């Protein structure tokens, strides 16, 4: 009887230890995610912790829309007699990022933001940009980038 009881306790303890890594995974954002526009590129990044220590990589997705208003400018900064170009970019991309000590740092770039082609002597200027992009891990939205 004592042997059976000890075996039961040992089995339960072993099962609890095996389940601990799965229960420890609780993905969440750490710090402040960022979104920056530089030139014709939008870059979003975040630090995600709580991925557990049993995985070497994790797949993250960026899903949503970017709305861009751009226009041609002359070298002297004037705008020719042309309307702004309005564009909507649908984003749906997945990338794999390394995990170290249960943490990953996914970074996505959306480029080009504008496909406007200017005549020689002019350059494209993005006049406004709005976005609504979800950072997704295993079907769960961890963070929404908005402007």
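Every read-out reported here was derived from the displayed coordinates using simple, explicitly stated rules and does not represent laboratory data. Predicted model only: the values in this text are computed from it and were never measured.
Enter the Cα centre distance for the pair the range 106-147 and the range 76-99, rounded to the nearest angstrom. Result: 5 Å between the Cα centres. Note on the range 25-146: Cα-only Rg and Dmax are 17.8, 59 Å.
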